[in-house]
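Heads up: the structure comes next, in structure tokens.
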Amino acid sequence: MTPGPPLWLLAELTYRCPLHCVFCYNPIDFANQPEELSTDDWLRVLREGRELGAVQCGLSGGEPLLRDDLEVIVAEARRLGYYTNLLTSGVGLTVERARALKAAGLDHVQLSFQDSTREMNDFLSHTKTFELKNRVAQTIKDQGWPMVMNVVLHRLNIDHIDRIIGMAAELGAEYLELANTQYYSWAFKNRDALLPTRAQLQHAEAVADAWRVKLGDRMRIFFVAPDYHEGKAKKCVNGWGSMFLTVTPDGTAVPCHTAKMLPGLSFPNVREHSVRDIWFDSEGFNRYRGTGWMKEPCASCEHREEDLGGCRCQAYLIAHDPTVADPVCVKSPHHGLVQEAVQRAEAGLATVAEHPLVFRDAKNSRRLSASST
Ligand code: SF4
Ligand code: SF4
């Protein structure tokens, strides 16, 4: 079956970032990555993506505002007819820069917070950024952009959900995304300290529901449930190679931003291949498309079209085999490994004192990359 076009082009412009989030989804070895694509390379990727049918363009990182050419990239994306979305920590979004990005045609800004207080926001990102983010939220409103506020939830901040939602409402967010941590990359390293208990999750969902009733249409709240506690696999990136095409800072094209970790797979680079060839013909994009690659229990499962066997990166990280059912699924022979992690969280065994947090920084990146080779 020939796949449809990639609707979403996610341009990860840089892995550089002033923040050091403990749940960061960037690769562990980000500090060893080769040179970033040039402006011309990015403009060509945008053109080729649009020719293929992409309509949404996400500009992320790292911190995309660290690229001096962001305005040029936004302007070209706009000229080509993309709906553009900047995903930012807020660092670097000065009033001048915001005006320039607005003039270039940026449609939408997603601003991340780590928590609702200065102490916790700054602790979890290991930077003093809380006040700055508050100012940036105002700048976003002043430019007339719809604001999506994003807060990644985990054991250390989920109990503050009432205050987090209140803060988003006060700052005038139109959308609030409360995404429970997905345990890849840095979050996987910190999993024992970050995994919440069931009681924490139930409380958080109840609080989010109450705020939905209170706020009505004023602010839409999305609560993205965690898959570890549900026993159900999710259709990762809406299906491998079906909707998302991510280009990493060095030009490697991947179906999802963590797929580069998977062994035995090669992913093409936009410096050497056209986006069309990458999408339709590369081994990397075809390997886990659809259901043909599945083995049991997925191959004969009634849910295989709904969840496509879940996440390949999660299968690799937990079961050390990217070709098996996602271990979060109760039918997976490796599900016990997920249950053990949840039970440790329930028993309160996973404390920060016992499992010190590993912050995402260049020093830790080099240390962890060296120890895994
Ligand atoms: S998750 Fe945090 S450290 Fe990682 S790119 Fe985003 S802001 Fe930077
Ligand atoms: S066995 Fe595979 S296809 Fe079936 S529900 Fe689990 S992950 Fe999904």
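Descriptive notes on the structure:
- Orphan Cys of the chain, criterion: no other Cys C-beta under 4.7 Å: CYS17, CYS57, CYS256, CYS298, CYS301, CYS313, CYS329
- Among ALA103, ALA54, ALA169, residue whose mean-square fluctuation peaks in a GNM of the chain (springs only between Cα atoms under 10 Å): ALA103
- In this structure the amide hydrogen of TYR83, modeled in the peptide plane, comes within under 5 Å of the amide hydrogens of GLN56, CYS57, none closer than 5 places in sequence on its chain.
- Remark: the VAL213-LYS295 segment gains 25.1 nm on full extension, using 0.36 nm per residue and subtracting the alpha carbon distance.
- Gap separating the Cα centres of the range 270-298 and the range 2-51, nearest whole Å: 18 Å
- Shown here for the range 280-311: GluC sites (Glu not before Pro) in loop regions (DSSP other than H, G, I, E, B) with at most 10 other Cβ atoms within 10 Å, namely GLU302.
- Within the range 139-187, the GluC sites (Glu not before Pro) that combine a DSSP coil assignment with at most 16 other C-beta atoms in a 10 angstrom radius are GLU174.
- Lysine pairs within the chain, Cα separation less than 13 Å, 8 or more sequence positions apart or different chains: 4
- Share antiparallel - DSSP beta bridges, the chain, percent rounded to 5: 10 percent
- Here the range 105-155 and the range 52-67 have alpha carbon centers that stand 18 Å from each other.
- Residue among ALA100, ALA193, ALA173 with the largest mean-square fluctuation in a Gaussian network model of the chain, springs linking Cα atoms under 10 Å: ALA100
- Helical contribution to [θ] at 222 nm, DSSP H n ≥ 4, -39,500 (n - 2.57), averaged over the chain, rounded to 500: -10500 deg cm²/dmol
No value in this document is a laboratory result; all are computed from the given coordinates. None of the values given here were measured: they were computed from a predicted structure. Virtual Cβ from ideal backbone geometry, glycine too; neighbours counted across all protein chains shown.
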